[in-house]
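The values are calculated or read from the model by the stated rules, or taken from the named source; none is laboratory data. Everything quoted here is computed from the prediction, not taken from an experiment. Don't worry about glycine lacking a Cβ; one is built from the backbone with ideal geometry, like all the others, and counts go over all protein chains shown. The protein model used for the area step is the full one, side chains on, heavy atoms only, and it has no ligands, DNA or RNA in it. Shrake-Rupley method; radii C 1.70, N 1.55, O 1.52, S 1.80 Å.
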Amino acid sequence: MLSSVYRPRYYWRMNSQPPFTETNRLRQRAQQHIRAEQLSEAQVTLESLLRLDPLDTEACIDLAEVMFMRGQLRASSRPLLQALQRLPTDAPLIIRLVQHLLARGEILAARACLDFLSQAPNPPPELLVAQAQLRFSTGEIPMAKALMDRAMHAGADSPGDHHLHAMLLQFSGKLDQACEVLEKCLQRWPHFGDAAMVLVNLRKQKPASNRLDFVREQLRRLPEGSHSQDDKFVRAEFEYALFKILDDLGRHDEAWPALARCNALMHEINPYDGDGGAAVVEALTNMPEVIGNADHTAMPRPEGPTPIFIVGLPRSGTTLLDRMLSSHSAVTSAGEIIDFWRQLHWVADVPPARTTGLLKVIERSPNIDFMELGARYLKQTQWRAQGRRYYIDKLPGNIQMVAFIRRALPHAPILHMVRDPMDTCFSNFKAMFGNTSSYSYDLQAMARHYGQYARVANHWRTRIPDAMLDVSYASLVRDPETTMRQVIAHCGLDMEESCLKPELNAAPVATPSNAQVRESIHTRGLDQWRHYAKHLEPLRQALAAQGHLG
């Protein structure tokens, strides 16, 4: 529990505040309607409550949540922004408000709430952790790390607290400190799979220095054949750790079974919705002509910093390109942010709902106000430029957004990272993304997903030929100067030598490959799949059957 300092204190207005009993009665009635799933009645009741007290923060949040559940995404922002007029000294309520603001793409308002929350005197460790998590979700790694440093000093001591602290140390390039935190964490909680996975990923495991015996011992102790999803997930984490150690040691025949066991568990926990993905691709490639035939010169160039989008498949080299490009003096990286998706759903007035939500957005695409979409995206993201002329939005999944980005932000360069299909697919298959990227845990699903990605990318090349610049991963690592000159020119910049030395880029990087990209450019990522060629033969055959292999 948070200390009493952060309990609600409402500032009643003299001579205008209605009796507490009336607002309380309406609040209770609204909750009854919500429990009964009578959302229309709940909305009417909450609107009545807010007419009595327009600045009741809890009622504003409840009304926004009800409107969201009714599909009124745009309108649900209004009561949340209304709540900003008078924030209560109630930390849990402010945190709840921030979470709702972020879900609606109201990033500036969410940051303002976090700034207000930072003024709380003598915050308990759990409040500092909550703030760190939210700053992390907005991509503010240095601020999140500073908050976690304070939280740990103040006594935060759960496994999750130590894990978050280690992750933020890792993202900040402090690998030795991250290792120390994780080692101590596993001494106390040896079955904490999150810590084991991060620890083995921090550095290449070596014959004289590895955690092989520890990981094998934990696998012996973990319940096998459990029906619990949590038990399966933890076991998958330790199987992944076993694979990573053996792979680093070059013991590939021993490594593969561990990876296969890990991914079989993850595939069971997170089944791949191939039909849903195919439906999205079909809808994208059959969008109305208004998307592809728009006059991209009609919109004036917006003021302020310009975003650069890096798209592709995960593990295709997007992080390396991001690090090289953000080494330029005029460019910074905003990291993997989901802001364009948030703003697109908001402008289309479609609550995010995975496949069904995106299909609804595509259906409404002829009626989307793209000028509003571009303006809203810029308003909510340009602070990320930190005084630079350009900022990178590096979300690989934005490959599906190319037509929307092109229409809403015609002056924003789009760079498409292209890597060998087998290398890309294997790199995904061995990545262990947790409960995301469900396509990556089964070879046939991986091949199908790659085919869907390739179909979308080829469609944009044909439909909007000048929309994006293809950047070859192989060319980037073999001839970085020539490739980067093309990239820099496409972005309208002059080449700088620093772009060829990404290992000197000290900025935080929050991706699974953050440890590798702090190294100098190398070619070790080429043809890694060949170590497991016989095991990957089904994948190779599936990709060849789709025509993706030369």
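With a Förster radius of 22 Å, plug the Cβ-Cβ distance of Arg25 and Arg70 into 1/(1 + (r/R0)^6) and report the FRET value to the nearest 0.05.
0.45
Could you tell me how far the Cα centroid of region 359-420 sits from the Cα centroid of region 153-217, in Å?
Each part reduced to its Cα centre gives a spacing of 36 Å.
Tell me the net charge near Gly155. Cut-off is 14 Å between Cβ atoms, Gly155 excluded, with +1 for each Lys or Arg and -1 for each Asp or Glu.
Value of the local net charge: -3.
Between Arg301 and Glu217, with labels modelled 7 Å along Cα→Cβ, what's the label distance in nm to one decimal, could you check?
For Arg301 paired with Glu217, the spin-label model returns 6.2 nm.
Can you list the residues of region 390-417 with backbone N under 12 Å from a point 7 Å past the Cα of Lys379, pointing along Cα to Cβ?
None, by backbone N distance to the label point.
If I stretch the segment between Thr523 and Glu363 completely, what's the gain in nm (0.36 nm per residue apart, minus their alpha carbon distance), one decimal?
Value of the extension gain: 53.3 nm.
Which Rg and Dmax, in Å, describe the Cα atoms of region 285-398?
Final numbers for Rg and Dmax: 15.0, 41 Å.
In degrees, nearest 10, range 0 to 90: what is the angle between the Cα axis of helix 354-363 and the longest Cα principal axis of the chain?
Orientation of helix 354-363: about 80 degrees from the principal axis.
Kirkwood Rh and Cα-based Rg: tell me the resulting Rg over Rh for the chain, rounded to two decimals.
Details: Rg = 24.7 Å, Rh = 25.4 Å.
Reported Rg/Rh, Kirkwood definition of Rh: 0.97.
Around Ala489, under 13 Å between beta carbons, what's the net of Lys plus Arg minus Asp minus Glu among the other residues?
Every neighbour counted, the sum reads -2.
In region 450-550, which GluC sites (Glu not before Pro) are in a loop and have at most 12 other Cβ atoms within 10 Å, using DSSP for the loop call?
Glu519
Helix 57-69: angle to the longest alpha-carbon principal axis of the chain, degrees 0 to 90, nearest 10?
Approximately 60 degrees, to the nearest ten.
What net charge is computed for the residues neighbouring Arg364, neighbours being all others with C-beta under 15 Å from the C-beta of Arg364, Lys and Arg scored +1, Asp and Glu -1?
Net of charged neighbours comes to -1.
Report the label-to-label distance for Glu47 and Leu504 in nanometres (one decimal), using points 7 Å from each Cα along the Cα→Cβ vector.
The modelled label-to-label distance comes out at 6.1 nm.
Quick check for the chain: number of Lys pairs with alpha-carbon distance under 15 Å, counting only pairs 8 or more apart or on different chains?
Eligible lysine pairs with Cα atoms under 15 Å apart amount to 5.
Which cross-chain or sequence-distant (5 or more) residues have an amide H under 5 Å from the amide H of Thr306, H modelled 1.01 Å from N in plane?
Hits under the 5 Å cutoff: Tyr390, Tyr391.
Can you give the helix-only mean residue ellipticity at 222 nm for the chain, where every DSSP H stretch with n ≥ 4 adds -39500 (n - 2.57) and the sum goes over all residues, rounded to the nearest 500 deg cm²/dmol?
Details: 26 runs with 308 residues, N = 550.
Counting only the DSSP helices, I get -17500 deg cm²/dmol.
Would you kindly derive the ³J(HN,Hα) couplings of region 399-405 from the backbone phi angles with the Karplus curve 6.51 cos²θ - 1.76 cosθ + 1.60 (θ = phi - 60°), listing them in order in whole Hz, with x for Gly and Pro?
4, 6, 9, 3, 5, 5, 4
So, for the chain, what is the accessible surface per residue at a probe of 1.4 Å, expressed in square angstrom? Numbers along the way, then the final one.
Numbers: 24040 Å² over 550 residues.
I get 44 Å² per residue for the chain.
In sequence order, what are the phi-derived ³J(HN,Hα) couplings for region 169-184 according to the Karplus relation 6.51 cos²θ - 1.76 cosθ + 1.60 with θ = phi - 60°, rounded to whole Hz, with x for glycine and proline?
Along region 169-184, the couplings run 4, 4, 4, 8, x, 9, 5, 4, 5, 4, 4, 4, 4, 5, 4, 5 Hz.
Can you work out ³J(HN,Hα) from phi for every residue in region 118-123, in order, using Karplus 6.51 cos²θ - 1.76 cosθ + 1.60 and θ = phi - 60°, giving whole Hz and x for Gly and Pro?
Result, rounded to whole Hz: 5, 7, 4, x, 6, x.
In debye, nearest 20, what is the charge dipole magnitude of region 432-519 about its Cα centre with +1 on Lys and Arg Cβ and -1 on Asp and Glu Cβ, if you could check?
For this selection, approximately 460 debye.
Place the peptides 252-259, 239-246 in order of packing, highest mean first, counting for every residue the other Cβ atoms within 10 Å and averaging per peptide.
239-246, 252-259
Please list, in chain and number order, the residues 5+ apart from Val418 or on another chain whose amide H is under 5 Å from its amide H, with Hs placed from the backbone.
Here Val471, Ser472, Tyr473 satisfy the definition.
Quick check for me: using +1 on Lys/Arg Cβ and -1 on Asp/Glu Cβ, what's the dipole size of region 348-504 about its Cα centre, in debye to the nearest 20?
About 420 debye.
List the residues, sorted by chain then number, that are 5 or more residues from Thr89 or on another chain and whose placed amide H is less than 5 Å from its amide H.
Result for Thr89 returns Arg9.
Give me the extension gain from Glu183 to Arg96: residue separation times 0.36 nm, minus the current Cα-Cα distance, reported in nm with one decimal. If you can, show how the numbers build up before the last one.
Working: separation 87, 0.36 × 87 = 31.32 nm, distance 3.30 nm.
Result for the pair: 28.0 nm of gain on full extension.
For the Cα atoms of the chain, what angle does the longest principal axis make with the long axis of helix 339-348, in degrees from 0 to 90, nearest 10?
Approximately 50 degrees, to the nearest 10.
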